[in-house]
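These notes are about the structure you will find just below.
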RNA sequence: GCGCCUGUAGCUCAACGGGACAGAGCAGCAGCCUUCUAAGCUGCGGGCUAGGGGUUCGAGUCCUCUCAGGCGCGCCA
């Protein structure tokens with residue numbers, strides 16, 4: 001039970017009693033919501049139940065609040081006091097002992113603390129990154145990778161069974177262009193003058209791949225027909241780039257359970273099956289030699305081509321098949337993480353799912369806004385074709401995994417992100433992530449100190465937590481107690497960034513407390529109580545940082 | 001032109017499925033290390049939440065219009 005649940009039960013009970021006494025009459029409604037007041041004097045938790053109920057009850061909000069208050073039956077278990085305030089808020093002040101026992105509970109649970117139940121073991125598929133295998137991952141992908149990985153961890157922490165998937169767009173014109181670009185560079189390396197593909201990829205990495213092929217296979221593809229070199233160049237280019245992508249993701253501590261290839265969907269007949277399904281449902285038609293999907297029937301701006309005039313499939317066709325396949329796998333929830341440049345694609349995918357009777361509410365698409373990279377105070381140009389972009393690899397080398405991930409994860413998905421490389425490097429010691437990590441390192445240091453001084457730790461049950469009486473200590477206890485509901489709420493909202501805010505608050509509360517109250521003193525019981533508090537903070541820091549994929553160092 | 005996203009302190013961003021007096025960090029100023037890590041702590045200043053209308057007991061949050069920025073508007077992916 002979390003604090004919010006405990007109090008919500010109490011309030012629900014009061015509500016039921018008030019109805020039983022005939023003082024309130026509205027039969028049902030939402031379960032009472034509780035929120036953290038922004039201002040200190042407004043209690044530890046507040047409810048707006050009376051405000052919501054008042055118009056339905058045709059009573060003044062304060063009157064409703066009084067009635068609820070009168071029916072509150074806490075028997076001194078949780079509450080210190082409760083009061084009606086402002087227009088009709090119910091403010092709850094919770095006993096210090098409640099918070100202390102919450103810490104004891106935390107310590108009993110250890111690393112399991114904060115494990116949520118809202119997932120109920122439901123299966124979630126999270127698809128993210130899914131960058132085209134036509135070049136190395138850049139900083140935009142890094143944001144998606146950080147968010148996706150953290151989101152997957154978060155959902156898992158909230159009790160979902162999560163699968164992480166990367167969709168490889170290894171079919172179509174882009175990878176064809178990739179192969180041609182590499183071949184052109186291959187010929188150039190041998191001194192041949194060949195035309196470079198018009199829309200070809202001009203990044204330096206193309207030469208790298210060409211050079212590797214030349215070293216590995218020599219000039220054997222110099223004077224052969226396209227049918228001979230093309231398949232080989234395609235495969236080798238894809239393999240090389242996917243290798244880069246995998247190792248970059250690994251270095252960024254981003255994990256995937258499954259890699260789904262677009263070509264495999266064609267190979268396994270999934271695309272054909274999907275198209276015939278759509279056709280059978282009367283959702284496609286032929287126009288100008290191309291097969292269109294009638295997406296306008298589902299709110300799209302125009303109908304979309306799925307099979308081109310030349311008989312090739314569009315990316316959209318295989319993507320419909322991919323999503324249909326995901327639905328068929330029986331997930332309770334599917335989450336797609338897309339870059340803002342794919343935002344215009346949302347309507348048509350939802351349209352396709354509707355057309356196939358896949359319930360769209362099981363699919364949630366998170367659009368991630370762009371990243372602007374600042375180098376030396378100026379925006380760095382990002383153009384994949386020209387090969388100008390800041391790579392994930394570079395970010396890792398310059399900024400580091402922890403700082404980069406934390407920075408990506410302090411912003412909401414739909415907010416544009418400015419990533420200043422100079423600031424991240426130069427001021428690395430002032431980076432918020434170090435502030436949080438430092439709190440963890442300090443706590444570890446405390447336990448080393450305690451061990452050196454031969455302080456014997458007690459079992460959880462034997463610690464005198466009532467020795468924790470300072471306002472800063474109580475404040476810390478409260479922070480810790482709010483972690484479990486935070487996990488559930490962030491997961492529900494698909495917003496891992498709430499955890500970074502929480503971590504900064506928690507670290508600040510800890511640093512403040514640490515500065516003001518010495519942990520290790522001659523007072524044995526007090527020392528043990530404060531160590532227990534520090535341990536609780538350490539556990540939550542580790543847990544939350546772990547969800548974000550940021551390390552919790554023992555010393556700094 | 002149309003669609004989606006954004007606009008909050010000098011800068012970068014928060015504000016938890018509308019809630020009470022909008023908060024942090026950085027930058028600026030002034031203090032705190034003989035004692036558990038100063039990558040720390042304490043204090044100060046800083047806002048018509050882009051702007052106008054509306055809904056509501058209550059709006060940074062919802063609706064609408066205007067302005068500004070980003071992304072998209074391919075038989076590319």
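Bear in mind these aren't lab numbers, they're just calculated from the coordinates by the rules spelled out. Note that the coordinates shown come from a computational prediction; the quantities given were computed from them, not determined experimentally. Methodologically, a virtual Cβ is constructed for each residue, glycine included, from the backbone with ideal geometry; neighbour enumeration extends over all protein chains shown.
The figures follow:
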| item | result |
| --- | --- |
| Modelled FRET efficiency - R0 22 Å, residue A:287 with residue A:173, Cβ distances, 0.05 increments | 0.55 |
| Stretch gain in nm, segment residue A:466-residue A:73, where the contour uses 0.36 nm per residue and the Cα spacing is subtracted | 139.0 nm |
| Added length on full extension, which subtracts the Cα-Cα distance from 0.36 nm per residue, residue A:315 to residue A:35 | 96.3 nm |
| Least to most buried among A:4, A:39, A:173 (fewest other Cβ within 10 Å first) | A:39, A:173, A:4 |
| Segment A:253-295: radius of gyration over Cα atoms, expressed as a fraction of 2.2 N^0.38 Å | 1.63 |
| Cα convex hull of segment A:173-218, projected area averaged across orientations, nm² | 3.0 nm² |
| For segment A:455-489 and segment A:505-523, distance of Cα centres in Å | 13 Å |
| Per-residue [θ]222 nm for chain A (sum of -39500 (n - 2.57) over DSSP H runs n ≥ 4, rounded to 500) | -16000 deg cm²/dmol |
| q = 0.09, 0.17, 0.19 Å⁻¹, segment A:432-548: log10 I(q)/I(0) [Debye, one scatterer per Cα] | -0.24, -0.82, -1.00 |
| Extension gain, residue A:260 back to residue A:448 (0.36 nm per residue minus Cα-Cα distance, nm) | 63.0 nm |
| Using alpha carbons only: equivalent-ellipsoid semi-axes of segment A:99-232, gyration tensor based, whole Å | 50, 14, 12 |
| Label-point separation in nm, residue A:342 to residue A:95, each point 7 Å along Cα→Cβ | 5.3 nm |
| Chain A: angle of helix A:204-217 to the longest principal axis, Cα-based, in degrees nearest 10 | 60 degrees |
| For segment A:123-175, alpha-carbon Rg and Dmax in angstrom | 12.8, 41 |
| Cα long-axis angle, helix A:471-481 against chain A (0 to 90 degrees, to the nearest 10) | 50 degrees |
| Calculated FRET value between residue A:508 and residue A:235, using beta carbons and R₀ = 60 Å, to 0.05 | 0.70 |
| Cα-projected label distance for residue A:267 with residue A:215, points at 7 Å along beta-carbon direction, nm | 2.8 nm |
| Distance histogram in 10 Å bins (all Cα pairs of chain A, percent per bin) | 3, 15, 20, 21, 18, 12, 7, 3, 1, 0 |
| Interatomic Cα distance distribution for segment A:217-304, bins of 5 angstrom, percent | 3, 10, 11, 13, 11, 12, 14, 15, 8, 3, 1 |
| Protection proxy ranking, peptides A:217-227, A:158-168, average beta carbon neighbours within 10 Å, highest first | A:158-168, A:217-227 |
| DSSP-defined beta bridges in chain A - what % are antiparallel, rounded to 5 | 50 percent |
| Cα long-axis angle, helix A:270-280 against chain A (0 to 90 degrees, to the nearest 10) | 90 degrees |
| Value in Å of the Kirkwood radius, where segment A:60-113 supplies the Cα pairs that are averaged | 12.9 Å |
| Efficiency of FRET from Cβ geometry, residue A:118 and residue A:16, R₀ 25 Å, rounded to 0.05 | 0.60 |
| Solution diffusion estimate, µm²/s, Stokes-Einstein, segment A:484-556, Kirkwood Rh from C-alpha pairs, 4 °C, viscosity 1.567 mPa s | 95 µm²/s |
| Fewest-first sequence of A:429, A:247, A:264 by Cβ atoms within 10 Å of each Cβ | A:429, A:247, A:264 |
| Alpha-carbon centroid distance for the pair segment A:86-101 / segment A:102-141, whole angstrom | 31 Å |
| Isotropically averaged projected area of segment A:287-389, using the convex hull of Cα atoms (one quarter of hull area), nm² | 9.0 nm² |
| Rg ratio (alpha-carbon, reference 2.2 N^0.38 Å) - segment A:3-94 | 0.98 |
| Label-to-label distance, nm, for residues given as residue A:376 and residue A:521 (7 Å Cα→Cβ offset) | 5.5 nm |
